[in-house]
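*Asks:* Here it is, the structure in full.
The values are calculated or read from the model by the stated rules, or taken from the named source; none is laboratory data. Computed from a predicted structure; not experimentally measured. Note: areas computed on protein heavy atoms with side chains; ligands, DNA, RNA excluded. Shrake-Rupley method; radii C 1.70, N 1.55, O 1.52, S 1.80 Å.
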Amino acid sequence: GVGPSDASPDEGVVEDLPFIDEKAVEQLTEGLISHYLPDLQRSKSALQELTQNQVVLLDTLEQEISKFKECNSILDIDALFSEAKHYHNKLVNIRNEMMMLHEKTSKLKVSRINI
């Protein structure tokens, strides 16, 4: 048979609940909202301000990064010019050597002809 231990613990709960006053629920809800809403609105405006500040900070960082990139490209150009100067000096030295060798070979030819 069905004993007292076999009954569901929720059985009869609906009948035991007192009448729920809709107006009381509405007033409690309004009270709860009026209690927490100002803090939530302050938090919302603080978060909006923080977000705006972050956008400004990101823009500033992007500008600084582009400045650093410009500096790096200027350094690259400077290195390129110094390298070009180095190779120009090498070319000048090679040209001078070739002119000296040309003079020597010309003198050798002249001295052979005179022999």
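*Asks:* Given 31, 12, which one is at positive phi and modelled with pLDDT under 95?
*Replies:* Selected residue: 12, the only one of 31, 12 that is at positive phi and modelled with pLDDT under 95.
*Asks:* Considering every residue within the stretch 64-72, establish whether at least one is open to solvent by less than 100 Å² (accessible area, probe 1.4 Å) and modelled with pLDDT under 90.
*Replies:* Within the stretch 64-72, one or more residues are open to solvent by less than 100 Å² (accessible area, probe 1.4 Å) and modelled with pLDDT under 90.
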